[in-house]
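The values are calculated or read from the model by the stated rules, or taken from the named source; none is laboratory data. In this text, all values refer to a predicted model and were calculated from it rather than measured experimentally. Positions of Cβ are generated from backbone atoms using ideal geometry, with glycine treated the same way; all protein chains shown enter the neighbour counts.
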Amino acid sequence: MIRLHKIIEYLYLAFALFFTFEAIRIFSTDSKKASLFIFFAVMAIFMFFFKRRFRKKRFENQDKK
């Protein structure tokens, strides 16, 4: 179960890289769409750190019990 949570965390980073790449690629043609991709990249990075913190807290609490 822990392994699945770690994989999901790193999928968020992969999405962030994809959205950043797409934002850079289309910035010169459509800046509004690029800003949307940048927003999604920032949210994916936020989700990575949020899920990571939540997973560590959850499994530390289970170990203490």
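For the structure I just gave you, tell me whether SER28 is out of contact with any Pro (no Cβ under 7 Å at 6 or more places or on another chain) and outside any helix (DSSP H, G or I).
So SER28 fits the description; yes.
Determine, yes or no, whether ASP30 is at pLDDT 90 or above and among the charged types (D, E, K, R).
The answer is yes for ASP30.
So which residues in segment 19-33 are among the hydrophobic types (A, V, I, L, M, F, W, C), surrounded by 17 or more Cβ atoms within 10 Å (Cβ to Cβ) and either touching a strand residue (DSSP E or B) at 6+ places or on another chain (Cβ under 9 Å) or farther than 28 Å from MET1 by Cβ (or both), if there are any at all?
ALA23
Return the residues of segment 34-59 that are more than 22 Å from ARG3 (Cα to Cα) and either surrounded by 13 or more Cβ atoms within 10 Å (Cβ to Cβ) or among the β-branched types (Val, Ile, Thr) (or both); say none if nothing qualifies.
Matches in segment 34-59: ALA34, LEU36, PHE37, ILE38, PHE40, ALA41, VAL42, MET43.
Please list, ordered by first then second residue, the pairs with beta carbon atoms under 7 Å, 6 or more apart or interchain, first in segment 9-31 and under 14 Å from PHE49 (Cα atoms) and touching a residue at least 12 places away in the same chain (Cβ under 8 Å), second of a type in the set (Gly, Ala, Ser) and surrounded by 14 or more Cβ atoms within 10 Å (Cβ to Cβ).
Matching pairs, first to second residue: TYR12/ALA44; PHE15/ALA44; ALA16/ALA41; ALA16/ALA44.
Return yes or no: is ALA16 in contact with a Lys or Arg (Cβ under 9 Å, 6 or more places away or on another chain) and either surrounded by 12 or more Cβ atoms within 10 Å (Cβ to Cβ) or part of a helix (DSSP H, G or I) (or both)?
no
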